[in-house]
Amino acid sequence: MPTISASSVKVQPVMSSSKMSLSEIRQEMMVRRPDLSAHAGGWASNDDAQSNIGLPNVAPPVSDPEIVQSNGVVPETLRARFYYWKPAPAGLQQQQSNLSQHLVRRLDAIDVILHKPDADHVSILVTSRSAVLTHRKDGAVVSLQKIFQTKDSAVKVDWRSSAFELSSADVFLWLAVRVRDNAQIAPELRLDSVLGISGTDSFDRVADLRSGVDFTRPNFLTAVAESDTLGPIELSFVHTYGSEQRTYSLKLWLDGGFSIYDSGLHFGAVLDLRDKMILATTELAFRLIPRMNELFKQYQAWPQKKFDVIEAAMEELEDRYKGLRAALNSRKPKSRP
């Protein structure tokens, strides 16, 4: 159930060219309702009330996608849920070939948030990073593409493009450096820790570091010294919002997408799960991650700082392994005569 109100949310941003307005897209969604009789997916609001998700042989209640006006930070958005029926597991189908599909197909859903970054494009935030779900031929993104094609048959969703993409993979190293050197990256933003990070070497081999990452960890120093491409990163930070101290823990990808868990979010206000996850998702997507990216872009001394950080990592590793070699040699077995 990868919906925006779940206790964990993973966000995949994609883009499509389209001159359609959010109102026009909404109107097209409303004539593409979920159809239980044909097990055909369709659109509704992301309201959880009596959603019937997870139940067999049921349809969701009829509801309409919602346009939410801009609050000055989050732009005008179209928020919708795409309901579909999951097929029976292959093993069950083989064992009970005469079993009615109505009894084994369970209702599921995926949410989207759309906005217009400019007149010619639509940005889509999908609440799943699973290609199995997002690339379904009868899924939400393909349905959106068909909607866009009602105005322009040549339109296709571009999976490689994101309105939220970070300016460079260097932002991940910059964040790690700032945690070490100066965690207060802006008056309202204080980094807490890097919980994990991935690195890809020149042979496209990926190493995942977990359980805390800093410049005392040799395998992280190695990734830095060898100029591995870093990311995604897992980090935590505090956002001061008025008198509130809001704490976020997330995993952040280069495309600007992210994953969050209810347990890693702490706000001053008391919110139910749905409101909490929607607030966290929209704040991260439209305010906080773009703010971090902008702070990185404004740091003009980064090229020299990056060089210094890489050089220091090399020197630290040299010193470390000289000491380890000396310790090893001191324990070297004496050769027998």
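The values are calculated or read from the model by the stated rules, or taken from the named source; none is laboratory data. If you're wondering where the values come from, they're calculated on a predicted model, not measured in any experiment. Neighbour counts are summed over all protein chains in view; Cβ atoms, including those assigned to glycine, are modelled from backbone coordinates with ideal geometry.
Things worth noting here:
- Scan of region 9-41 for residues that are hydrophobic (A, V, I, L, M, F, W, C) and either under 30 Å from Ser263 (Cβ atoms) or under 26 Å from the mean Cα position of the chain (by Cα) (or both), ordered by number: Val9, Val11, Val14, Met15, Met20, Leu22, Ile25, Met29
- Ser143 vs. criteria out of contact with any His (no Cβ under 7 Å at 6 or more places or on another chain), in the same structural domain as Ser45 (by TED's automatic domain parsing), surrounded by fewer than 18 Cβ atoms within 10 Å (Cβ to Cβ) and within 18 Å of Thr3 (Cβ to Cβ): no
- Residue pairs meeting the criteria (Cβ under 8 Å; at least 6 apart or on separate chains; first in contact (Cβ under 8 Å) with a residue 60 or more places away in the chain and not assigned by TED's automatic domain parsing to the domain that holds Val126, in region 68-82; second among the basic types (Lys, Arg) and surrounded by 12 or more Cβ atoms within 10 Å (Cβ to Cβ)): none
- Within region 198-225, being in contact with a helix residue (DSSP H, G or I) (Cβ under 6 Å, 6 or more places away or on another chain) and in a helix (DSSP H, G or I) holds for Leu221, Val224, Ala225.
Conditions (1) within 20 Å of the chain's Cα centre (by Cα); (2) in a helix (DSSP H, G or I), marked per residue:
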| site | (1), (2) |
| --- | --- |
| Val142 | yes, yes |
| Ile147 | no, yes |
| Asp152 | no, no |
| Arg160 | yes, no |
| Ala163 | yes, no |
| Ser167 | yes, no |
| Leu175 | yes, yes |
| Ser227 | no, no |
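- Restricting Arg320, Arg331, Arg291 to those that are of a type outside the set (A, V, I, L, M) and either at positive phi or touching a Pro at 6+ places or on another chain (Cβ under 8 Å) (or both) reduces the list to Arg320.
- When Lys276 is tested against (1) within 24 Å of Gln12 (Cα to Cα); (2) in a strand (DSSP E or B); (3) free of Cβ contacts under 8 Å to residues at least 24 places away in the same chain, exactly one condition is not met: (2).
- A single entry from Leu195, Leu271, Leu235 fulfils the requirement of being within 23 Å of Val9 (Cα to Cα) and in a loop (DSSP other than H, G, I, E, B): Leu271.
- The residues of region 227-268 that are charged (D, E, K, R), in contact with a helix residue (DSSP H, G or I) (Cβ under 9 Å, 6 or more places away or on another chain) and over 19 Å from Ile4 (Cβ atoms) amount to a single one, Asp228.
- Residue selection: Ser193 satisfies the criterion of being assigned by TED's automatic domain parsing to the domain that holds Leu250, more than 14 Å from Phe296 (Cβ to Cβ) and without any contact (Cβ under 8 Å) to a residue 60 or more places away in the chain.
- Those residues of region 103-140 which are assigned to a loop (DSSP other than H, G, I, E, B) and under 12 Å from Phe82 (Cβ atoms), in sequence order: Thr127, Ser128, Arg136, Asp138, Gly139
- Given (1) at pLDDT 95 or above; (2) not in a loop (DSSP other than H, G, I, E, B), number of the condition Leu92 does not satisfy: (1)
- Within region 311-332, if we keep just the residues that are surrounded by 16 or more Cβ atoms within 10 Å (Cβ to Cβ) and among the hydrophobic types (A, V, I, L, M, F, W, C), the residue that is nearest to Asp48 (Cα to Cα) turns out to be Ala313.
- Residues considered: Leu221, Leu250. Of these, the only one that is in contact with a strand residue (DSSP E or B) (Cβ under 7 Å, 6 or more places away or on another chain), modelled with pLDDT of 95 or more and surrounded by 17 or more Cβ atoms within 10 Å (Cβ to Cβ) is Leu250.
- Residues that are touching a helix residue (DSSP H, G or I) at 6+ places or on another chain (Cβ under 7 Å) and among the charged types (D, E, K, R) were ranked within region 149-178; the one that is nearest to Gln300 (Cα to Cα) is Asp170.
- Counted residues, region 151-166 - those being surrounded by 15 or more Cβ atoms within 10 Å (Cβ to Cβ) and either out of contact with any Pro (no Cβ under 9 Å at 6 or more places or on another chain) or more than 21 Å from Pro2 (Cβ to Cβ) (or both): 6
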